[in-house]
Ligand code: NAD
């Protein structure tokens, strides 16, 4: 695939309230996945840039930690207003660098704004606990304090929502922050910084260092970084978790996924297909909560026929076109890996009942791949086990709900799972036994809202406290206990 190059901007880092050039001259192209046009260049920063950002954040922390909590929260209220005022502009930027459909991007901006709404509740969220009279004339109190400088490392697939899972709450809790956005979608991060600064954030409170592995390692090894919040693929999540933990840091590392959707014999087929199509093919299947495996219970032929015919009707195109559902994958190199999975699926004996390579050949520009469906996939096949992160769906056949639940149990991942049924007994059994952290009942993308934890299980998460909700507050604060005697 030819990359179309023009004169482009080199993005800057944001350190101590200033836009600065990275120390290294090395850059990477930021590419529009729908056209392969170069949108900008992103610097591949070095550990020297990381050191400068951490130094600024460490200094800013000395004042920021003592800034009254309501005053910190007021900056988030302002930020919220600015994000809402720029809703369409932010969504368009997401479409440009990530490729997803405008409607999806608009929804992503909304999810991000909700994280800011949650974080603005810091005065309540940071309240401690007290108990009068733990012994004669003795009381106990618990106060929450920030940790210090937090490092955030984010993926390409939610360039707005994922950074907003992290820095608003961390900063509202009194920490300062160094963000390393995905080098494939770095432009949105700079826009967020611009708006956060406009909202009144003091210099050094939020810093951005662009780049790749060196910046990540610089954050993981830096002694002044107290905690790491990571979201990305499984091998990198495990690596980040282990290296940061070995360096004595608090870590939350959200990882890859393989989400199973169980279609029970009594399910409303038309509605189930609508939800599965949106979940599997929206954002080109590049969502950590995307449906990638469907477990059809009983005789599912009617369901499979309808899924296939609705996939045939999908509107494929650039995210800026109207009514588009299936957009390009992030890079041509990623699509090449997906094509290898398609070949592997055929070699291992799955039935390729819809081949998205047809549409790929028809589209002359962009990293498009049509909706792809494999039937009669078994749990031991590579395409059933590994995260493909593309518009490829595996259909597994099962005789009973127990067998379907067993497939979920055997998966190394446990981010999400959904059941389509009206049967209350089946719903309860699914709720109790499905081995995943975020379940949907007749819901295609059961991603949690900002006030609940984003609760992946098994290899979909490394750590203890998840992002968002009370887990997020606990992650970004440490508790101090005071025991006081008054009859002294
Ligand atoms: P990725 O792992 O390639 O990159 C994530 C971040 O890690 C980026 O900032 C990148 O620069 C950095 N990175 C990549 N390779 C590295 C290495 N070898 N050493 C150090 N740093 C490295 O992930 P991605 O492709 O950007 O995002 C997609 C992945 O993220 C999918 O696996 C998806 O499931 C996952 N994800 C998970 C969740 C969740 O909540 N569990 C949410 C969103 C995305």
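All of the numbers you see were taken from the coordinates with simple rules; none came from a lab. Values in this document were obtained by computation on a predicted structure and should not be read as measured data. Every residue, glycine as well, gets a Cβ built from its backbone with ideal geometry; the counts of neighbours run over all protein chains shown.
Quick look at the numbers
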quantity: For peptides 377-387, 102-112, sequence by mean Cβ density within 10 Å, most packed first; calculated: 102-112, 377-387
quantity: Whether the range 20-156 is rounded, prolate or oblate, judged on the alpha carbon gyration tensor where a/c under 1.5 counts as rounded; calculated: oblate
quantity: Radius ratio Rg over Rh of the range 84-182, counting only Cα atoms, Kirkwood formula for Rh; calculated: 1.19
quantity: Hydrodynamic radius of the range 374-461 per Kirkwood, over alpha carbon pairs, in Å; calculated: 13.9 Å
quantity: Whether the range 300-435 is rounded, prolate or oblate, judged on the alpha carbon gyration tensor where a/c under 1.5 counts as rounded; calculated: prolate
quantity: Distance between modelled label sites at residue 77 and residue 124, nm, 7 Å Cα→Cβ extension; calculated: 1.4 nm
quantity: Residue 315/residue 364 FRET efficiency (R0 22 Å; Cβ-Cβ; nearest 0.05); calculated: 0.80
quantity: Per-bin percent of Cα-Cα distances, the range 439-482 [10 Å]; calculated: 26, 43, 23, 6, 2
quantity: C-alpha long axis of helix 161-172 to longest principal axis of the chain, angle in °; calculated: 10 degrees
quantity: Förster radius 60 Å - calculated FRET efficiency between residue 131 and residue 406 (Cβ-Cβ, nearest 0.05); calculated: 0.85
quantity: Folded to 0 to 90 degrees: helix 87-98 orientation relative to the chain principal axis, Cα; calculated: 60 degrees
quantity: FRET efficiency, residue 139 to residue 66 (Cβ-Cβ, R0 30 Å, nearest 0.05); calculated: 0.75
quantity: Spin-label model distance (nm) - residue 23 vs residue 268, 7 Å beyond Cα toward Cβ; calculated: 6.0 nm
quantity: Largest-first ellipsoid semi-axes for the range 77-128, taking √(5λ) over the Cα gyration tensor eigenvalues, angstrom; calculated: 27, 11, 7
quantity: Computed log₁₀ I(q)/I(0) - Debye formula, equal Cα scatterers, no solvent, the range 299-366, q 0.13, 0.26 Å⁻¹; calculated: -0.47, -1.27
quantity: Percent of beta bridges antiparallel (DSSP, the chain, rounded to nearest 5); calculated: 40 percent
quantity: 0 to 90° range, to nearest 10: angle between helix 301-312 axis and the chain longest Cα axis; calculated: 70 degrees
quantity: For the chain, projected area of the alpha-carbon convex hull averaged over all directions, nm²; calculated: 24.7 nm²
quantity: Ellipticity estimate at 222 nm from DSSP helix runs (n ≥ 4, -39,500 (n - 2.57)) divided over the chain, nearest 500; calculated: -12000 deg cm²/dmol
quantity: Percent antiparallel among DSSP beta bridges (both partners in the range 104-182, rounded to 5); calculated: 45 percent
quantity: For the range 217-299, the Rg and Dmax computed from alpha carbons only, in angstrom; calculated: 18.6, 58
quantity: Highest to lowest packing among 272-284, 328-340, scored as the average C-beta count within 10 Å; calculated: 272-284, 328-340
quantity: Net length gained if the chain between residue 433 and residue 376 were fully extended (0.36 nm per residue, minus Cα distance); calculated: 18.1 nm
quantity: Peptides ranked, highest mean first, by Cβ atoms within 10 Å: ranges 61-73, 476-488; calculated: 61-73, 476-488
